Amino acid sequence: MTTPPLRTGDPHQAQTPCPCCGSHAARIVATRDGKTRAPLTTVACQACGLGRTDPLPSPHALKEWYTTSYRQEYKAAFEPALRHVLRAGRIALDRWAWLQAQGWQPPAGAHRTATLDIGASSGEFVYLMKKLGFDALGLEPHEGYASYARGQLQLDVRNGSVQELPHLGAAKPWDLITLFHVFEHLSDPVASLQTIAGQMSDRGVLFIEVPNATRPCSPHSMFFKAHVLYFCANTLRQTLGAAGWDVLSQGSDTDGNLRVLARPSSQAGRTDPAANDHALIRAQQARRWGPYLIDELRSGRVLRKLGVRREEKRTAHRFNSGRDLLEDLYAGPSTPRSQAAA
C-alpha cells in the first residue's frame, strides 16, 4: 500500500527533539530542499512553533560542512567578488544605523569597546567597527572567506564559530556581539546563547539578525539544507527566553529580516508554549506560485533587483581591491563617528 505524501500541516513525530523546548511533536512544513529539490524534511514544533530540519545535523557535521563546502555549494565562490564586498559593506552601514537608532552607546569606561562578529563572512562589519575605533574581531568558519578578511582587509578574523568563543583568549569581555544570518545555522541555539552569555561584559548586548521564515516568497525558496532553523518573530523571542536572555529592542515582526537586541537576564530560561500561533505553517500554506509571480511583476521587484545588480557591478569595477572599496564606502559623510572611549 502506497503511503500518501506528507503535506504542510500534517502531524509528525520528529527524529530529533526541538532544540528550544525539547518536544518531539511537530507538524510538517516542507519535504524538499528549495534549491536542489532533494528530499529534506522541515518541521515546526507543535509545542513552541520553532522551525527546524528533521533530523537536525550534529554540530560537528555542520562545522565541517560550513568550513569546507558551504560557500562553494551555495555561493559558488571560495572568496567574495568585489560586488559582494560592496553589497555587504552597505548592509553593514545599515545595521550600524539600526543599532544606533535603538539607542545603543558604547559602554563608558577606561577600555576601548570590544566587538565580536560571529560568522563574519569576508569581514565588512568588522572593518566598519575597526574604522569606528572599536577593538573589532571576527569569527568565520569558512577558510577562504576568513583568509580573505585577514589577507586583503588586514582584519583579525579567525577561523571558528560559537564553539570556539570561550577559547579566543580575549583580554576583556565583549561589549557587542553580532550574529548576522548565523543563528539559523546553529543546531543547538539555546546552548550557543548560553555560551555567548558567559562572554559578555556587564553592559554587553547581542545583535541578532535572521531571515523571517514567514515572509512572502515562492513555495520552494524558503527551506534548504544550509539553514537548520527557521524563525518567526515569536519563536526568535521564545528561543532567547529559553536561553535566559531579555529582549531589549526589536525590529518589525513583518520585515524580511528580523532584528533583535538582547542582554543576558538574571532570570532562569523560560518559554511560553501557549504563544505558539503556528505562523510558520500558515505562511507556507499561503504560498502559491501564481499570486507570487503576479506580485513580483506588479511590484517591480524583479526589475529593481536587476538594476541594483548592474549598479553594484559598475561601482565595484572602479576599485582594485576590497580594502580600497571599503575605505571609500566608509569615508563618506554618512559614516557614523566613533563614540568609543579613548
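Only the coordinates and a few stated rules stand behind these numbers; no lab work does. Since the structure is predicted, the reported quantities are computational estimates derived from the model, not experimental observations. Here the Cβ positions follow ideal geometry from the backbone for every residue, glycine too, while neighbour counts run over all protein chains shown.
In terms of Cα atoms, the Rg and Dmax of the chain work out to 20.4, 73 Å.
Multiplying the residue separation of residue 288 and residue 304 by 0.36 nm and subtracting their alpha-carbon distance yields 3.5 nm. In order along the range 221-226, the phi-based Karplus estimate (6.51 cos²θ - 1.76 cosθ + 1.60, θ = phi - 60°) of 3J(HN,Hα) comes to 9, 8, 10, 7, 4, 5 Hz; Gly and Pro are listed as x. The C-alpha radius of gyration of the range 69-223, expressed as a fraction of 2.2 N^0.38 Å, stands at 1.04.
Taking the centroid of alpha carbons for each part, the range 34-51 and the range 240-318 are 17 Å apart. Projecting label points 7 angstrom from Cα along Cα→Cβ for residue 37 and residue 297 puts them 2.2 nm apart. A simple count of charges around residue 212, restricted to other residues whose Cβ falls under 11 Å of its Cβ and scoring Lys, Arg +1 and Asp, Glu -1, yields -2.
Full extension of the chain between residue 6 and residue 277 yields a length gain of 95.5 nm, computed as 0.36 nm times the residue separation minus the alpha carbon distance. Neighbour counts of other Cβ atoms within 10 Å put 225, 305, 130 in the fewest-to-most order 305, 225, 130. Total lysine pairs in the chain at Cα distances under 24 Å, for residues eight or more apart or on different chains: 12.
Coupling constants for the range 317-325 follow from the phi torsions by the Karplus curve (6.51 cos²θ - 1.76 cosθ + 1.60, θ = phi - 60°), and in residue order they are 5, 6, 10, 8, 8, x, 5, 4, 4 Hz; glycine and proline get x.
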